[in-house]
Amino acid sequence: MQEVAVGHKSLADYTHLAGRGRIEEIRELAAELQGKRVLHLSATAFGGGVSEILFTLIPLMNDVGLDTHWRVIMGKEEFFNATKLLHNSLQGDPNSLSAEQWELFDEYQRLNGEALEDDWDVIIVHDPQPVGIRRIAAEHSGKWIWRCHIDLSTPNPEPIERLEPLIAEYDASVWHMEKYVPTHLKDLDGIRIVPPAIDPLSPKNMALSPEDASFVCDQFGIDVERPLICQVSRFDPWKDPIGVIDAYRQVREQIPEAQLALVGSMASDDPEGWEFFQSTYEHADSDPDIKILNNLNNVGAIEVNAFQSQADLILQKSIREGFGLTVSEGLWKSRPVIAGNVGGIPLQIVDGESGFLVDSPEQCAERSVEILKDPELGKRLGKAGKERTRERFLTPRLLADWLRIFHDLDV
Ligand code: UDP
């Protein structure tokens, strides 16, 4: 397994953003956890929400005195093809793994479990890809926690039945929302509801001046004098970039000068992403005002920050969504955000107060026109969204929640 280097962060730097009370609460919670050995296990260190969160949470856990590490499981392409299928089927897709793919899945649980080194006070296993490692390597840790980043409320029954006995063996499981816990697991001990959070000081979310934002966007061919609509997300059917393009085309009928940027990184555990990138590209039909960018165009965290900061309007038109960190990222930059009324998004957006929730490309287009024609409305929504994000979705709150779980489990 590969160890991931995460760098350094200091909790004290967050005081002015999260409030003194929150920082003191964290220090108190951490006092009894000094030196505890914590291991995070995940499928990838790049792309998507899990890695985004761990790159912040782990340095802060270390800063408050825990000895925290992150390792990424081993897997060949065929394994990640199977786990992508698993991911989709757990979110409701009727296709599931073949018998051979389940065998492969089990085989990689065994290989990774046997490769697990050292002893830990607690191991946190993220998402379904490595969920079976606990059964193989139980003696390596005092406690085991499974962290679910996806929506399991309406899964395809076959894969969830296979995973349930594995999940039930953990000392605790952590979910974004109550409704994501599958029916059979609702009575388990140790269920904790903890929504994720964004790091306000990371390069992706730190304050960027309007000049710097437009300077960066200009280099990607955006006309910074014209309105910009932007969606940042993986190229994945659930994120509905095709629906975004359809909505954008309707907006253009009323606001011909509007531009669209679709920014999406490619995750190493997501082979399907490339196919979907291609179909999105074809759907854009060489429209010069639709920019489709990914990390291969050198779009990293700062560039994502610049696009989100420059946008007159941010979309996250998901059809299914575990949480949607991009929503909090947009709101934290005081941008008006229009997003799918699904999954964890309504936690972040109160419709009409801190953004708009939509159910179709038509509705998305209508709300977009409303905001682009009334900048004061956009400002009001963005400001309210920023305050909601400050209270609920910044990393210090997430850190406090994790420390509380460790306490409750007697880690
Ligand atoms: N992201 C990024 N570059 C991209 C696309 C996405 O950095 O080109 C980041 C995005 O800013 C967010 C995370 O990946 O922090 C995606 O998390 P989210 O919860 O929105 O969706 P997930 O990918 O986990 O389904």
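No value in this document is a laboratory result; all are computed from the given coordinates. Please read these numbers as outputs of a predicted model, since none were measured by experiment. Positions of Cβ are generated from backbone atoms using ideal geometry, with glycine treated the same way; all protein chains shown enter the neighbour counts.
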For the chain, calculated [θ]222 nm from helices alone, where every DSSP H run of n ≥ 4 adds -39500 (n - 2.57): -13500 deg cm²/dmol
Pair Ser279, Glu362: separation of 7 Å Cα→Cβ label points (nm): 2.3 nm
Stokes-Einstein D for the range 203-263, Kirkwood Rh over Cα pairs, 10 °C, 1.306 mPa s (µm²/s): 122 µm²/s
Kirkwood hydrodynamic radius (C-alpha pairs) into Stokes-Einstein, the range 128-270, 25 °C and 0.890 mPa s, D in µm²/s: 128 µm²/s
Sequence-separation-based contact order of the chain, relative, with Cα cut under 8 Å and 6+ spacing, percent: 17 percent
P(r) tail fraction, the chain - alpha-carbon pairs more than 32 Å apart, %: 35 percent
The chain: angle of helix 157-168 to the longest principal axis, Cα-based, in degrees nearest 10: 50 degrees
Cα-based equivalent ellipsoid, the range 1-152: semi-axes from gyration tensor eigenvalues, Å: 31, 18, 13
Max mean-square fluctuation residue, GNM over the chain, Cα-Cα springs under 10 Å, options Glu321, Glu225, Glu257: Glu225
Distant-in-sequence amide H partners of Gly92 (H built 1.01 Å from N, under 5 Å): Asn156
Charge context of Ser360, other residues only, Cβ under 13 angstrom, K/R +1, D/E -1: -3
Sequence-distant residues sharing a close amide H with Trp144 (under 5 Å, placed H): Ile123, Asp171, Ala172
Extension gain (nm, one decimal) between Glu107 and Glu211, 0.36 nm per residue minus Cα-Cα: 32.2 nm
Förster radius 25 Å - calculated FRET efficiency between Glu169 and Ala99 (Cβ-Cβ, nearest 0.05): 0.60
Distribution of pairwise C-alpha distances over the range 282-368, 10 Å bins, in %: 17, 44, 34, 5
Rule-of-thumb Rg ratio for the range 124-175 [Cα; 2.2 N^0.38 Å; N residues]: 1.10
The range 18-85 shape via C-alpha gyration tensor axes, a/c threshold 1.5: prolate
Pairwise label distance in nanometres, Asp223 with Glu77, each label 7 Å out on the Cα-Cβ vector: 4.1 nm
Cβ crowding within 10 Å averaged over residues, with 298-307, 368-377, 79-88 ranked highest first: 79-88, 298-307, 368-377
Rounded if a/c under 1.5, otherwise prolate or oblate - the range 219-338, Cα gyration tensor axes: rounded
